[in-house]
Every structure is written in structure tokens, then in C-alpha cells.
Amino acid sequence: MKKRKERIDRGIKVRSSDIFALLSWREMLYLAAPRLLPVVGCLVLPLILGAYWQKVLLSVAVFALLAISWDILAQTGMVSLGQALFFGVGAYCSGVMNHYWGLNPLITIPVAAVMGGLICTLLLLPVLRLRGIYFSMVTLIIPLVLVRIIEATRIFGGTEGLSGMTPLPSKWIELYLVMAVLLTALFGFRRMMDSDYGLVLKGINDNDRSVISAGINIYWFKAQSLFIAGAIGSFCGAFMTHVYMFVGMPVFALDYSILPIAAAVVGGPGTLAGATLGAFILVPMSEALRGFGGLRIVLYGVFLVVFIVVLPEGIFHFIQRKYHQFERWVEVEK
Amino acid sequence: MLIGTTLYALINAAILALMAIGFNLTFGISGVANFAYGAFYVLSAYGIWGMLNLLHFHYLIAVIIAVFANVILGALIYRFVLLRVRGQALSEVIATFGIGLAILELFSYFGWVGFEYNLPVFLDRSFIIAGTYVDFQRIAIVGFSAILIFGLWWFAHHTATGLAFRGIAQDERTALTFGIDSDWIATLSVSFGAGLAAVAALFIIPLGSISPGEGYDVLIRALAVCIIGGLGSTGGVIAASFIVGFAERFTDTYIGSHWTMIVSLAAILLVLTVKPSGLFGKQKELEERI
């Protein structure tokens with residue numbers, strides 16, 4: 001007697017998502033809960049956490065944004081192994097504007113986000129035609145080159161970096177600024193990826209040649225996707241510059257490339273929400289393991305391997321499936 | 001000065017070729033990504049060091065054990081990790097890079113860094129060639145890497161296994177119809193590459209000392225040689241080693257040691273931008289760009 005597992009949508013999912021006739025509070029809650037949970041969480045968490053964990057929350061949000069930026073690029077078919085490039089360029093943009101020209105952080109951060117996005121797009125424009133692993137290798141190498149160029153030419157403070165940046169007015173502004181950006185990016189870009197525009201981007205990932213034969217200029221769309229991802233990454237860099245009040249060579253460190261990828265892989269690539277979830281799991285975990293020092297990176301490596309091999313869909317897709325569907329064993333017909 | 005620099009550039013090219021040869025066998029010739037290559041290199045170096053200094057084994061026995069341990073480890077990693085993500089190039093890269101990261105960071109957590117972590121040279125003697133001191137180890141490297149490159153070319157072009165290696169990189173399905181067990185060949189390719197990493201460590205480590213950072217360095221330089229030369233081309237390995245080797249040594253002497261790494265990284269970027277399959281690469285020209 002052979003059995004197989006059958007997955008069926010829950011009745012409440014069918015009623016609430018397809019028919020659009022919300023009959024009860026329960027159905028409304030079923031639809032609203034997954035959206036309300038992160039919103040309420042992001043707004044309430046800063047109030048209930050202590051000073052130390054508030055700092056952790058800041059880096060959670062920053063890594064979640066970096067992971068979202070990675071995921072947008074990956075959904076357009078460009079897998080980046082160097083998010084540190086976006087982070088570092090944004091950090092140096094706002095650092096230079098603040099250090100040499102004395103501009104206010106509330107001006108430098110948005111300007112650096114746009115400028116960083118433009119610079120990253122221009123830097124990667126020559127390799128826009130590359131596909132798959134070749135593009136990844138270019139993104140892996142550019143941050144390494146930039147670090148060494150800064151070291152060799154001693155521009156922008158060289159190995160010392162620039163310190164004494166103006167901090168943001170208060171820690172509440174810091175926290176709620178980054179939370180607002182995170183929520184806007186998460187929901188806004190999720191919506192964007194569901195629109196026709198996002199469909200073109202996903203189409204480039206699935207089959208770029210057929211997108212070309214539909215008469216669409218994929219290079220223009222790839223460049224736009226790069227600009228979006230670059231701007232998000234640069235915002236993170238610019239923001240962290242003013243939080244740490246320092247910018248230097250560590251902004252191009254491997255951490256900023258590895259952790260976002262790990263977050264997206266653990267959480268589940270292709271949804272943006274998965275990337276955010278991954279960051280909310282990995283960063284606090286790594287803080288809890290701070291006592292182990294270098295072992296944290298060992299753990300990231302192991303996590304990456306285990307999730308890619310055992311659960312390649314990621315945690316978010318797993319939870320989503322359990323939420324929308326139930327499973328049962330049925331007999332296989334002869 | 002010029003002659004000495006040229007001589008050392010030649011030796012540097014030989015070192016690069018020796019470093020890259022295992023990676024080239026795995027990634028270049030049979031198309032299986034093993035980005036834990038640098039970690040294998042460091043792992044075998046620490047293995048030999050431990051067997052010599054902690055367990056007091058005979059040198060030859062320690063070397064043989066280390067090479068075989070690497071071969072087996074390579075096969076295990078293929079069976080338990082790579083096999084499950086085979087064909088998805090980026091998952092292969094991320095998974096193996098994760099393994100490499102874990103191994104290297106584990107060693108740096110132990111903090112085994114310093115001059116006492118070193119392997120013995122084969123023969124402690126030096127010669128004067130054209131007015132420059134050259135020690136025996138470096139001459140051995142030049143000779144051995146010439147032999148290995150010729151061996152690699154012969155293996156990839158004139159043995160059934162070597163042809164199978166190239167076959168699975170060019171078209172796995174067609175290779176299957178010719179009776180090539182692609183999983184077995186890919187296992188062999190990863191484990192031979194890992195074994196060659198141990199051999200490279202054995203020759204090159206005595207010139208410096210063992211450190212976990214060396215692992216990333218070896219990976220990047222092997223990648224540079226592989227990409228610049230072109231995947232699947234033995235002549236490309238030689239040409240790329242010479243280009244990178246000479247460029248590194250001459251920038252080191254005439255411009256400054258800060259620029260050494262920038263030159264090889266910039267060379268990778270330039271080649272990837274202009275001709276992603278490398279100077280001599282013939283495979284996958286349709287897949288590299290659109």
C-alpha cells in the first residue's frame with residue numbers, strides 16, 4: 001500500500017484570496033496578520049528593547065535592507081557576491097560630504113543613497129552584458145580592488161579612514177528612520193516586483209533572450225534594477241557612517257557581502273520578505289554568539305551550506321506553505 | 001636589477017601555475033566549482049605541519065597521508081554537498097565557498113599564525129644564477145610545475161579519464177550517451193584538484209609560513225590564472241601565469257608593493273569585461289554574455 005502526500009489549499013485561503021468576499025473577522029485577520037506582524041514588530045520593538053539590543057536592531061534592519069537589495073538583483077538575474085560595494089560606496093559618499101563640506105546627515109544620507117546608486121550603476125555598466133557566474137565574479141572582485149586602491153593612494157584618509165562624523169540628532173530618530181525605510185522598501189518593492197515592471201525584471205532572470213525578442217531593452221531594465229539595489233545598499237552605508245561616526249576601509253569588508261547572501265538564502269530567496277526574515281534570524285543569533293568571536297563566521301559558512309543543501313527554498317517559503325495549505329497522506333491509485 | 005627581477009618573475013609565474021593547477025583541473029577542465037580550494041591548500045599545510053611537529057611522523061609518510069586525506073575529503077564534499085546542487089552554478093559556488101569560509105575561519109579562530117608554522121624545505125642550499133641568489137626550493141618549484149603542466153595537458157588530451165573530464169564540461173548529456181558516468185568523473189575531478197592543492201602547499205609553503213589568510217589569497221590568484229587563461233585550456237594556464245607573475249613582480253619592484261594585488265585583480269576585471277571566457281577559452285562562449 002503506497003501513500004503519497006497531498007497538499008491542498010486551506011478553505012480560508014480560497015475564500016479570502018480568490019473570491020474577495022470577506023465574511024468574518026477571522027478571514028480578515030488571516031489576510032492581515034502576515035502583513036501586520038512585521039509592521040507592528042518593527043514599530044514596537046525599539047520601544048521594548050534595552051539600549052544594547054536597540055543597537056542590534058539597527059544592524060538587523062541594515063542587513064535586512066542589504067539582503068533586500070541582493071534579492072532584487074538576484075530576481076533580475078544578477079547574483080551579486082559583493083554587496084559590500086554598494087554599502088562602501090554609499091558610506092564613503094556621505095562620509096566625504098559630511099567630513100569635507102560639513103553637510104547635515106539628514107541631507108547627506110538621501111543624497112548619498114542616490115549618488116551611490118548612480119556610481120554603482122556606472123561602475124557595473126560595462127559588465128551588464130555578462131551572465132550568471134561571470135557577473136558574480138566581477139562583483140566579488142570590485143570591492144577588493146577598491147579597498148586596495150584606497151590603501152595605495154591614501155585618498156579619503158587611507159587606512160585611517162575619516163572619523164568625527166556628525167551623528168543623527170537622537171537614537172529614536174536613528175531607529176525609526178531605519179525602520180521606516182525598511183518597511184517602505186519591503187512592502188514597496190514587493191509590490192513593485194508583482195507589477196508589470198517587476199514581471200519584466202523576473203522575465204530577464206527566467207529567460208533573457210525571450211525578453212529581448214519581446215522587443216524590450218533588457219540592458220535598460222538591468223541598469224534600473226542595479227540602480228534600485230545600489231541605492232538601497234548605499235543608503236545602508238550612508239546611514240551606518242553616521243551611526244558609527246566613522247568611515248574607513250572596513251566598509252568594504254567581506255561581512256557586508258556574506259551576511260546579506262546568507263540572510264537571503266536562509267530566509268528564502270525571491271520574496272524580499274524571506275530576505276528580511278533571514279536577517280531577523282541571523283543577526284541576533286550572531287550577536288548572541290559574540291562570545292565565540294571568530295567562530296561566528298564559521299557558523300555562517302556552515303549555515304550557508306546546510307540551507308543550500310537541505311532547505312534550498314528557505315524558511316519563508318516553508319512557513320508560507322504551512323500557512324496556506326494543509327497536508328494529508330492519500331493512497332496512490334493503481 | 002632587471003635580470004634579477006625577470007628571474008624572480010619567472011619563478012613567480014611557476015608558483016602561480018602550481019597554485020592554480022588543481023583549481024584549473026576542477027573548475028577549468030571539468031567545470032565543477034570548488035571554491036573551497038584555498039581552504040584545502042591551508043588545511044593540508046596545517047595537516048602536514050601537525051603530523052611533523054606534533055606526531056613526529058617521517059616527512060614522506062606525512063606528505064602521503066596529507067595528499068590522500070585531501071583526495072578523500074574532496075570526494076566526500078562532492079558526494080554530500082556538491083551532488084545535491086549540481087548544475088546550479090551559483091549554488092555550487094556559494095556552498096563550496098561556505099565550506100572554505102568555515103574551514104579557514106576555524107583556523108584563524110585557533111590563531112595558528114606565526115613563523116613557527118612552517119614546512120621544511122627540500123634541500124637547504126642556494127645557487128647564484130646571473131648574479132642573483134636563488135634557493136633550491138624555488139628551482140624545484142619551477143621544474144616541478146613545468147612537469148605538472150605538461151602532465152595536465154597530457155592527462156586532459158590523451159587519457160580516457162582526462163577526455164571524460166573535458167566531456168562533462170562541454171556537454172554533460174552527450175557525455176552520458178557515450179557511457180561516461182558524470183557523477184563519478186566529477187567526484188574524481190574534485191578529489192584530484194584537492195590532492196593537487198596539497199601538493200602545491202607542500203612546494204610553496206616552505207617559502208613563507210602557513211596562515212589562514214593565505215587561503216583567500218590562493219583562491220583569488222588561482223581564480224585569476226584560471227579566468228585570464230580561459231577555462232579548459234592548458235596553454236592558457238601557462239600564458240596567464242606568465243602575465244600575472246611578471247605583472248606582479250614588476251609592479252612590486254618598480255611601482256610599490258601596495259599595487260601588486262591591484263594589478264592582478266584589475267587584470268581579472270579587464271579580462272572578464274572584454275572576453276569573459278579568457279584569452280584562450282573556447283567553451284561556453286554563448287553562455288557567458290548576452
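Overview of values
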quantity: Residue that is surrounded by the fewest Cβ atoms within 10 Å (Cβ to Cβ) [pool: residues in the stretch A:110-163 that are among the polar types (S, T, N, Q) and more than 10 Å from every other protein chain (Cβ to nearest Cβ)]; calculated: A:Thr159
quantity: Index of the failed condition, A:Gly267 passing every other in (1) away from chain B (no Cβ under 14 Å); (2) farther than 29 Å from A:Leu31 by Cβ; calculated: (2)
quantity: Residue in the stretch B:95-116 that is nearest to A:Gly294 (Cα to Cα), counting only those that are in a loop (DSSP other than H, G, I, E, B) and within 14 Å of chain A (Cβ to nearest Cβ); calculated: B:Gly111
quantity: Test: residue in the stretch A:72-89 that is free of Cβ contacts under 8 Å to residues at least 24 places away in the same chain, in a helix (DSSP H, G or I), away from every other protein chain (no Cβ under 14 Å) and over 20 Å from A:Leu146 (Cβ atoms); calculated: no
quantity: Residues of the stretch B:128-149 that turn out to be exposed (fewer than 15 other Cβ atoms within 10 Å of the Cβ) and in a helix (DSSP H, G or I), as a count; calculated: 4
quantity: Residues that are crowded, with 17+ Cβ neighbours inside 10 Å and over 30 Å from A:Met137 (Cα atoms), drawn from the stretch B:66-94; calculated: B:Ala66
quantity: Check on A:Leu66, within 23 Å of the chain's Cα centre (by Cα) and assigned by TED's automatic domain parsing to the domain that holds A:Thr166; calculated: yes
quantity: Meets criteria (assigned to a loop (DSSP other than H, G, I, E, B) and surrounded by 20 or more Cβ atoms within 10 Å (Cβ to Cβ)) for B:Leu119; calculated: yes
quantity: Test set (1) within 14 Å of another protein chain (Cβ to nearest Cβ); (2) touching a residue at least 12 places away in the same chain (Cβ under 8 Å); (3) farther than 21 Å from B:Ser91 by Cα - A:Arg290 fails condition number; calculated: (2)
quantity: Residue ranges of helices (runs of 4 or more DSSP H) in the stretch A:104-214 with at least 3 members at pLDDT below 85; calculated: A:132-153
quantity: A:Glu313, sole failed condition from (1) among the acidic types (Asp, Glu); (2) part of a loop (DSSP other than H, G, I, E, B); (3) farther than 29 Å from B:Arg79 by Cβ; calculated: (3)
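Residue-wise test of (1) within 28 Å of B:Gly229 (Cα to Cα); (2) within 14 Å of chain A (Cβ to nearest Cβ); (3) not in a helix (DSSP H, G or I).
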site	(1), (2), (3)
B:Ala33	yes, yes, yes
B:Ala39	yes, yes, no
B:Trp49	no, no, no
B:Val63	no, no, no
B:Tyr78	yes, yes, no
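The values are calculated or read from the model by the stated rules, or taken from the named source; none is laboratory data. Bear in mind the structure is a predicted one, so any value in this text is a computation, not a measurement. Because the Cβ atoms are built from the backbone with ideal geometry, glycine has one as well, and the counts that use them run over all protein chains shown.
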